[in-house]
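Engineer: Please read through the structure below; I'll follow up with questions.
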Amino acid sequence: MDVLFGSIDVRELLSTSDFDESSSLSVPDLRLLIDRLQIRSLHIKEKVRDYVISHHKDFSEIFSHCSNLSSKTEDISTDVSNVLSLISNHPIDIEIRETTAEISSKTRELKEKKELLVVVQTIVNLVERLKLVKEDLKNGRLIEAAESMRVLKKALLIRDEDDDDDDDSGMSEKSEPLVFGLLRKEWKDCFDEFQELLVRVMDEAVKFEHGNGGKVRVKFKLSVSGLKEEVELRTVLTAMEVIGVLDYGLAKVADLIVKFVVIPTVSNGSRFDFVEELDQETMEKDEAILGLVSSSGSQVDIPSIYSNIIQVIKFAYIFLCLKNDRWMRCFGRLSWPRISELIIVHFLSKAVPDDASKLSEFQKIIELTSEFENKLEDMKIISASDDKDRRLSEYAQNIEVHFASRKKIEILAKARNLLLQCDFSLPPDFSEQAVQLLFLPERCIISKAGAHLMELVHQTLRDVCLSSARVSMEFYHAARDTLLLYEAIIPVKLEKQLNSINQVAILVHNDCLFLAQEILGLAFEYRPDFPSCLKDQAIFLDMAPRFHQMAEEVLHRQIQLVSFNLKEAIDGADGFQNTHQMQQYESAKLSIDQVIFILEKIRIIWEPLLPPSTYKKSMCTVLDSLFSRLVEDILLLDDMAAEETLQLQRLIQILLENLSFLFDSLNSIHEREKLQEDVTHIPLDELISSLSKLRKLADLLDMPLKSITNASESGELVRCGYTSSEVQNFVKAVYTDSPLRKECLWRIQSANW
C-alpha cells in the first residue's frame with residue numbers, strides 16, 4: 001500500500017528532463033501528462049485490488065468484530081434503559097440515604113456510650129483512689145498516700161494557686177462534667193486533711209521547752225490521733241515533699257527555732273549541748289535534744305556567735321532534716337534570711353569602725369564570715385550557686401560603704417538636730433554672727449544654724465578629700481543632703497515666723513543667701529583634692545539657685561507684708577478727703593504716724609541684719625510703693641479748699657521730716673557704694689521714683705497757678721513723674737473756674753510732655 005501514500009512527481013511524467021517550474025506547459029506536454037496520469041491511475045487500481053485480495057481474511061475479521069461490537073452496544077443501551085426505568089419507578093436512593101444516616105447515628109451513639117463508659121470508669125477509679133488515700137492516711141502509709149495525691153492532682157487537672165488566674169482553665173472547667181468539680185473539691189478536702197495531719201505530726205515531732213535555759217526536743221518516732229500506727233519523722237518529711245507542702249510544714253519549726261534558739265544566741269551568746277536518747281528495747285535513736293546553756297556575763301563576740309550558730313544549724317541538719325540536702329535547703333530558705341539579718345543588726349553593723357583608720361582591722365571579721373558561710377554551704381542551709389545567700393560576706397566586704405553610710409547617718413542626724421534645736425534668736429551683741437559673702441563685697445548676719453550647718457558641710461567635704469572612692473561618694477551625698485535639710489526643715493518649722501514681720505525671717509533670708517554663695521565656691525575649693533572618680537560627678541552648682549530663690553521668696557514675702565501694713569495704715573486716712581476739718585485731719589495725721597512707726601520698725605529689723613545693698617533695694621521698693629499710693633490718693637481729690645491744700649502739704653512735710661532718718665541711712669549706703677569701684681551706685685531719687693513726685697506735690701499744693709504752668713512748660717513736672725492729665729486734674733481741683741485757669745489748662749495741655 002506504500003504506492004497509495006507516496007507523492008506523484010509531475011516531472012517524472014514529462015518527456016523533457018529540463019523542466020522549469022516557473023514556465024507554463026505547452027499543449028503537447030499537457031496531453032502527454034494526461035495520458036500518463038491515466039496509465040498511472042490504472043496501475044494504482046491494480047495494486048489496490050491485489051492488496052485487498054491478498055488480505056481478504058484480515059478484512060473479514062475486522063468487519064466481523066465491528067458487527068459484534070455494534071450488537072453489544074445495543075444490548076447495553078437496552079439494559080441502561082431498563083435500569084433507568086426501574087429507578088424512576090422506585091426511588092432507591094432515598095432508602096440508601098436513610099439507611100446511611102441511621103448507620104451513622106447508631107455508630108455515633110455507640111461511640112458516645114463507649115466514651116461515657118470510659119468516663120464512668122475513670123470517675124469510679126478516681127473515687128476508689130481517693131478512698132484508698134484516706135485508708136492509707138489512717139494506716140500511717142503517708143508516703144503511699146502522698147504519691148496517690150500527687151497522681152490524682154495531675155489526673156484531675158488541679159492547678160496550683162499561681163495558675164488560678166488562667167482564663168483557659170476557667171473555660172474548660174465550665175464545659176466539663178459537674179462530677180469533676182465535685183472530685184476536685186473532694187481532693188482538696190482530702191489534701192487539707194492530709195496537710196493538717198502532717199502539721200500536727202511535725203508539731204509533735206519538734207517540741208520547745210522553756211525551763212532551765214530551754215530545750216529543743218526532736219522525736220524520730222511519732223504517734224498522733226488519726227494514725228493507727230507510729231510513723232517516722234523521715235516518712236513525714238518525705239510525704240510533705242511529695243505533695244509539695246514541705247515549706248508549709250517546716251515554716252513553723254523554722255520560725256520557732258529562730259525565735260527560741262537563734263535570738264537568745266545572738267542576744268546573750270547562749271551555748272548548746274547535744275543529747276541523743278536511745279530506745280531501750282530496739283537501741284535505736286528515739287529523740288535528740290538541743291539544750292541551751294545560758295552564758296550571761298561572758299563577752300559575746302562574732303567568733304563565738306558564729307560557733308554557736310553552727311551548732312544550731314548542725315543540729316537542724318542532722319536531727320531535724322536527717323542529713324537530706326533538699327530538706328535542709330528548704331529549711332534554709334525559711335530561716336536563713338532572718339538569721340543573717342539578726343547577725344548583721346546585732347554584730348556586723350555594730351562592728352563597723354567609727355574611724356576610717358580602723359577599717360583594716362575589720363579584715364579579720366571578713367575572713368571569719370567567709371569561713372562561717374562556707375560551713376553553712378557544706379550543711380546546705382545556703383546555696384553555693386546563689387550569691388544572695390552570702391549576705392554576711394557581702395555585708396562584710398562592703399565595710400567601707402557601711403562605714404560611710406553610718407557616718408552619713410550621723411552627719412544628717414547632727415544637721416537635723418542642729419536645725420530643729422536652733423531658735424534663730426539673736427544675742428544682744430550679734431556682731432559675731434556676721435559673715436562675709438563669698439562673691440559679694442558685703443557682710444550680713446546669719447543664724448547659728450546656718451553657720452554651723454555650713455561648717456558641717458566643709459568638714460564633710462574635707463573628709464571626702466581624704467577618703468577612698470566608695471567612702472567619698474557617700475560623704476559627697478551626705479554634704480548635699482545636709483544642705484537640702486535646711487530647705488526641707490526650716491520653711492516648715494518657721495512657717496509662722498515667715499508669715500510675719502520679724503528678725504527670724506530676715507535671718508532665714510540671710511542664711512539662704514549665705515548658703516547659695518558658699519555653695520558656688522564649694523567646687524572651686526574642694527574639687528582639685530577630690531578622688532578622681534568623684535571629680536567629674538561632684539556637682540554643687542545646681543543647688544545654689546534653689547537657695548537663692550528661697551532667699552528671694554522670703555524677702556519678697558516680707559516686703560509684701562510691710563506693704564500690706566502700710567496700705568492698711570493709709571486706708572485709715574479715707575483718701576485724705578476734707579483734711580481742712582479737724583477730725584479728718586487728725587485721722588489722716590494718725591495714719592501718717594502709723595506709717596512712720598511701721599517704717600521705723602522695719603528699719604530697726606532690716607538695717608543691721610540685711611546686706612546693705614539688699615536693705616537699700618528692699619526699703620526703696622517699700623517707700624516707692626508707699627509714696628506712689630500717697631500721691632495717687634491726693635491727686636484723686638476732685639475739689640480742694642485752700643485750707644485743705646495747706647493741711648495736705650503739712651501732712652506730706654511731717655512724713656518726709658520724720659523719714660529723714662531713713663533717707664540718711666539710705667544715703668550713707670549710697671555714699672559707701674561710691675567708694676567701691678566694682679559696685680554700680682544708683683541715686684536714691686532714681687531708686688524711689690515717687691519720692692521726687694511726692695516732694696513736688698507738696699510744693700504744688702502751695703504754688704500759684706502761673707508757677708504751675710511754667711513748671712509744666714519747662715518740663716520740671718515731667719522729670720518728677722507727672723503726666724498732663726494729672727496736672728490738669730490737680731489744677732481743676734485746686735483752682736476755681738476762671739479765664740486764667742482756662743488759659744493755664746490750655747498751656748499745660750499744649751506743653752511738651
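Engineer: Here is a list: 439, 403, 424. Which entry is at positive phi and touching a residue at least 24 places away in the same chain (Cβ under 8 Å)?
Structural biologist: On the way: 439 fails: at positive phi; 403 fails: at positive phi.
Going through 439, 403, 424 in turn, just one is at positive phi and touching a residue at least 24 places away in the same chain (Cβ under 8 Å): 424.
Engineer: Moving on to the next point. Only residues in region 192-212 that are more than 14 Å from residue 252 (Cα to Cα) count as the first member; pair them with residues that are outside any helix (DSSP H, G or I), Cβ under 7 angstrom, at least 6 apart or cross-chain, and list the lot.
Structural biologist: From region 192-212, the pairs are 197/226; 209/215; 209/217.
Engineer: Out of the helices (runs of 4 or more DSSP H) lying entirely within region 414-518, which hold 1 or more residues that are of a type in the set (Ser, Thr, Tyr)? Spell out the reasoning first.
Structural biologist: On the way: elements: 448-466, 469-493, 495-498.
Per the criteria, 448-466, 469-493.
Engineer: Can you tell me how many residues in region 426-462 are within 19 Å of residue 484 (Cβ to Cβ) and open to solvent by 50 Å² or more (accessible area, probe 1.4 Å)? First the steps, then the outcome.
Structural biologist: Taking region 426-462 and keeping what is within 19 Å of residue 484 (Cβ to Cβ), we get 446-447, 449-461.
Next, only the ones that are open to solvent by 50 Å² or more (accessible area, probe 1.4 Å) stay: 452, 455, 459.
Of the residues in that region, 3 qualify.
Engineer: Within region 529-548, which residues are among the acidic types (Asp, Glu) and farther than 21 Å from residue 450 by Cα? Give the derivation first.
Structural biologist: First, the residues of region 529-548 that are among the acidic types (Asp, Glu): 529, 536, 542.
Scanning region 529-548 gives 529, 536.
Engineer: Follow-up question, since we're still on this one. Got a number for residues in region 705-753 being part of a loop (DSSP other than H, G, I, E, B) and among the hydrophobic types (A, V, I, L, M, F, W, C)?
Structural biologist: Filtering region 705-753 for residues part of a loop (DSSP other than H, G, I, E, B) gives 715, 720-723, 735-738, 751-753.
Subsequent filtering for residues that are among the hydrophobic types (A, V, I, L, M, F, W, C) retains 720, 751, 753.
Number of matching residues: 3.
Engineer: Return the residues of region 739-749 that are closer than 15 Å to residue 716 by Cα, open to solvent by less than 100 Å² (accessible area, probe 1.4 Å) and of a type outside the set (Val, Ile, Thr); say none if nothing qualifies.
Structural biologist: The answer is 747, and nothing else.
Engineer: Over 19 Å from residue 512 (Cβ atoms), assigned to a helix (DSSP H, G or I) and not small (Gly, Ala, Ser): which single residue out of 411, 381 fits that description? Break it down stepwise before answering.
Structural biologist: On the way: 381 fails: assigned to a helix (DSSP H, G or I).
Answer to the selection: 411.
Engineer: Let me ask something additional. Which of the residues spanning region 409-421 are within 24 Å of residue 605 (Cα to Cα) and free of Cβ contacts under 8 Å to residues at least 40 places away in the same chain?
Structural biologist: Kept after step one, since they are within 24 Å of residue 605 (Cα to Cα), are these residues of region 409-421: 419-421.
If the condition is that a residue be within 24 Å of residue 605 (Cα to Cα) and free of Cβ contacts under 8 Å to residues at least 40 places away in the same chain, then 421 is the only one that fits.
Engineer: Can I ask one more? Quick check on my filter: what residues within region 666-694 are surrounded by 16 or more Cβ atoms within 10 Å (Cβ to Cβ), at pLDDT 85 or above and part of a helix (DSSP H, G or I)?
Structural biologist: Matches in region 666-694: 666, 690, 691, 692, 693, 694.
Engineer: Yes or no: residue 504 under 34 Å from the mean Cα position of the chain (by Cα), surrounded by 15 or more Cβ atoms within 10 Å (Cβ to Cβ) and under 20 Å from residue 425 (Cβ atoms)? Write out each step before concluding.
Structural biologist: Numbers: under 34 Å from the mean Cα position of the chain (by Cα): no; surrounded by 15 or more Cβ atoms within 10 Å (Cβ to Cβ): yes; under 20 Å from residue 425 (Cβ atoms): yes.
Spelling it out, it is not the case that residue 504 is under 34 Å from the mean Cα position of the chain (by Cα), surrounded by 15 or more Cβ atoms within 10 Å (Cβ to Cβ) and under 20 Å from residue 425 (Cβ atoms).
Engineer: Among the residues of region 193-234, write down those that are part of a helix (DSSP H, G or I) and open to solvent by 30 Å² or more (accessible area, probe 1.4 Å).
Structural biologist: From region 193-234, those part of a helix (DSSP H, G or I) are 193-205, 233-234; that's our starting set.
Correct list: 193, 195, 196, 199, 200, 203, 204, 234.
Residue-by-condition table, conditions (1) among the β-branched types (Val, Ile, Thr); (2) modelled with pLDDT under 90; (3) farther than 27 Å from residue 251 by Cβ:
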{"site": "351", "(1), (2), (3)": "no, yes, yes"}
{"site": "358", "(1), (2), (3)": "no, yes, yes"}
{"site": "385", "(1), (2), (3)": "no, yes, no"}
{"site": "390", "(1), (2), (3)": "no, yes, no"}
{"site": "395", "(1), (2), (3)": "no, yes, no"}
{"site": "407", "(1), (2), (3)": "no, yes, yes"}
{"site": "414", "(1), (2), (3)": "no, no, yes"}
{"site": "426", "(1), (2), (3)": "no, yes, yes"}
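Engineer: Is region 527-548 home to any residue that is assigned to a helix (DSSP H, G or I) and over 35 Å from the mean Cα position of the chain (by Cα)? Working first, answer last.
Structural biologist: As a first pass, look at region 527-548 and keep what is assigned to a helix (DSSP H, G or I): 527-529, 532-535, 541-548.
Retained after the next criterion (residues that are over 35 Å from the mean Cα position of the chain (by Cα)): 528-529.
Within region 527-548, one or more residues are assigned to a helix (DSSP H, G or I) and over 35 Å from the mean Cα position of the chain (by Cα).
Engineer: Take residue 360 and decide whether it is of a type in the set (Ser, Thr, Tyr), open to solvent by 50 Å² or more (accessible area, probe 1.4 Å) and over 30 Å from residue 236 (Cα atoms). Talk me through it step by step, then tell me what you get.
Structural biologist: Values: of a type in the set (Ser, Thr, Tyr): yes; open to solvent by 50 Å² or more (accessible area, probe 1.4 Å): yes; over 30 Å from residue 236 (Cα atoms): yes.
Judged against the criteria, residue 360 is a match.
The values are calculated or read from the model by the stated rules, or taken from the named source; none is laboratory data. Since the model is a prediction, treat every value here as computed from it, not as a measurement. As a convention, Cβ positions derive from the backbone with ideal geometry for all residues, glycine included, and neighbour counts pool all protein chains shown. Please note that ligands, DNA and RNA were not included when accessible areas were found on the heavy atoms of the full protein model with its side chains. Shrake-Rupley method; radii C 1.70, N 1.55, O 1.52, S 1.80 Å.
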